[in-house]
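Right, one structure below, let's go through it.
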Amino acid sequence: MTASVTYHSQTYTFNPLEPLDISMPLHEGQPQPECFWAEPATFDVIRVGDFVGSVAQGGSTNYKRVHLTPHGNGTHTECYGHISADENATIHNCLKRFLFVAQLITVTPQKQENGDKVVLLEDVKKQLQGIRPEAVILRTLPNTDDKLTRHYSGTNPPYLEHTIGQYLAEQGIAHLLLDLPSVDRELDEGKLLCHHAFWQYPKATRCGATITELIYVPAHVSDGLYLLNLQIASLQLDASPSKPVLYTLSPVYPKL
């Protein structure tokens, strides 16, 4: 089965039966990913009178309460409401399209004089090489599967040079996805420079732009052009747990 999409006058085909899930699955108990001192995600069995919401415990159905912090437990997508007091700035209100042409790039954070590891603008520019997709997916090296369960809190994890946010905004790239806890430094005195630059907040706010953090792109997925399906829950919050899914795009050239 194949389908097609046209972007910048170029037609591409993809197989909708061959998705590449780049989200982190969440489960109860450890190990599980965590950042910004969030409590672990938990799934609690609901009990009401004689009813128990667990088939394993003798109930008729499974019926559980989920406790999680979108920004701290696994893959999540956020809008400019993350840094705004606007009550209407929710991910449900801001993200109205869910399919985008995306470029996957791989970069290595560079160690700075202060010991921080930072993804540099010059390295991102080299990887994009003039490509202007709707979304950029940023995979960092080393890319080991312990990213799926890593505890980042208090470790000063790698982050982006804030000028990357400005550059992507200038290029018209509306969606940024990365495998780090944040585009900004873990403790940065609340400046959130890359967040502000990417969303152009507050002077020229890009209301439809999103940042998706804590993705995981397996090593076998090659850099290149993909169709991105960015799935969220319909929450009236600044962020939602999300499930970004990729489909490999193949260009279609006219027959001579």
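The values are calculated or read from the model by the stated rules, or taken from the named source; none is laboratory data. Keep in mind that what you see is a predicted model, and the values were worked out from it rather than measured. In this analysis, Cβ positions are derived from the backbone assuming ideal geometry, glycine residues included, and neighbour counts consider all displayed protein chains.
Out of the residues in region 9-24 meeting the condition of being within 19 Å of Leu104 (Cβ to Cβ) and in contact with a Pro (Cβ under 9 Å, 6 or more places away or on another chain), tell me which one is modelled with the lowest pLDDT.
Ranking the qualifying residues of region 9-24, first place goes to Gln10.
With respect to the numbered conditions (1) crowded, with 18+ Cβ neighbours inside 10 Å; (2) touching an Asp or Glu at 6+ places or on another chain (Cβ under 9 Å); (3) hydroxyl-bearing (Ser, Thr, Tyr); (4) within 30 Å of Gly130 (Cα to Cα), which one is the sole condition not fulfilled by Thr69? Going through (1) crowded, with 18+ Cβ neighbours inside 10 Å; (2) touching an Asp or Glu at 6+ places or on another chain (Cβ under 9 Å); (3) hydroxyl-bearing (Ser, Thr, Tyr); (4) within 30 Å of Gly130 (Cα to Cα) one by one, Thr69 breaks only (4). Is there a residue in region 211-229 that is under 16 Å from the mean Cα position of the chain (by Cα), surrounded by fewer than 17 Cβ atoms within 10 Å (Cβ to Cβ) and under 30 Å from His27 (Cα atoms)? Yes, some residue in region 211-229 is under 16 Å from the mean Cα position of the chain (by Cα), surrounded by fewer than 17 Cβ atoms within 10 Å (Cβ to Cβ) and under 30 Å from His27 (Cα atoms). Going through (1) touching a helix residue (DSSP H, G or I) at 6+ places or on another chain (Cβ under 7 Å); (2) outside any strand (DSSP E or B); (3) among the hydroxyl-bearing types (Ser, Thr, Tyr) one by one, Tyr253 falls short only on (1).
Looking across region 20-45, the residues that are surrounded by 13 or more Cβ atoms within 10 Å (Cβ to Cβ), of a type outside the set (Asp, Glu), outside any strand (DSSP E or B) and in contact with a Ser or Thr (Cβ under 9 Å, 6 or more places away or on another chain) come down to Ile22, Ser23, Met24, Leu26, Gln32, Pro33, Cys35, Phe36, Ala38, Ala41. Any idea which of (1) farther than 27 Å from Thr205 by Cβ; (2) loosely packed, with under 14 Cβ neighbours inside 10 Å is the one Gln110 doesn't satisfy? It is condition (2) that Gln110 fails. Restricting attention to region 92-104, does a residue exist that is surrounded by fewer than 20 Cβ atoms within 10 Å (Cβ to Cβ), among the β-branched types (Val, Ile, Thr) and under 24 Å from His175 (Cα atoms)? Checking region 92-104: not a single residue is surrounded by fewer than 20 Cβ atoms within 10 Å (Cβ to Cβ), among the β-branched types (Val, Ile, Thr) and under 24 Å from His175 (Cα atoms). Is it the case that Ser182 is part of a loop (DSSP other than H, G, I, E, B), within 28 Å of Pro25 (Cβ to Cβ), touching a helix residue (DSSP H, G or I) at 6+ places or on another chain (Cβ under 9 Å) and of a type in the set (S, T, N, Q)? It is true that Ser182 is part of a loop (DSSP other than H, G, I, E, B), within 28 Å of Pro25 (Cβ to Cβ), touching a helix residue (DSSP H, G or I) at 6+ places or on another chain (Cβ under 9 Å) and of a type in the set (S, T, N, Q). Restricting attention to region 59-72, the residues that are touching a residue at least 24 places away in the same chain (Cβ under 8 Å) and either over 21 Å from the mean Cα position of the chain (by Cα) or not in a strand (DSSP E or B) (or both) total 5.
Considering region 138-157, the residues that are without any contact (Cβ under 8 Å) to a residue 60 or more places away in the chain and within 15 Å of the chain's Cα centre (by Cα) include one that is farthest from Glu34 (Cα to Cα), namely Leu138.
Considering only region 189-207, I want to know if a residue exists there that is touching a residue at least 60 places away in the same chain (Cβ under 8 Å) and either farther than 26 Å from His92 by Cα or of a type in the set (Gly, Ala, Ser) (or both). Checking region 189-207: not a single residue is touching a residue at least 60 places away in the same chain (Cβ under 8 Å) and either farther than 26 Å from His92 by Cα or of a type in the set (Gly, Ala, Ser) (or both). For region 126-165, filtered to residues that are over 28 Å from Gln30 (Cα atoms) and of a type in the set (Lys, Arg), the residue that is surrounded by the fewest Cβ atoms within 10 Å (Cβ to Cβ) is Lys126. Total residues in region 203-228 satisfying the condition of being of a type in the set (Lys, Arg) and in contact with a helix residue (DSSP H, G or I) (Cβ under 8 Å, 6 or more places away or on another chain): the figure is 1. Cβ-Cβ contacts under 6 Å between residues 6 or more apart (or on different chains), taken from a first residue in region 10-32 that is within 30 Å of Val45 (Cα to Cα) to a second residue that is of a type in the set (Gly, Ala, Ser) and in a loop (DSSP other than H, G, I, E, B), are listed as Met24/Gly74; Leu26/Ala41; Leu26/Gly74.
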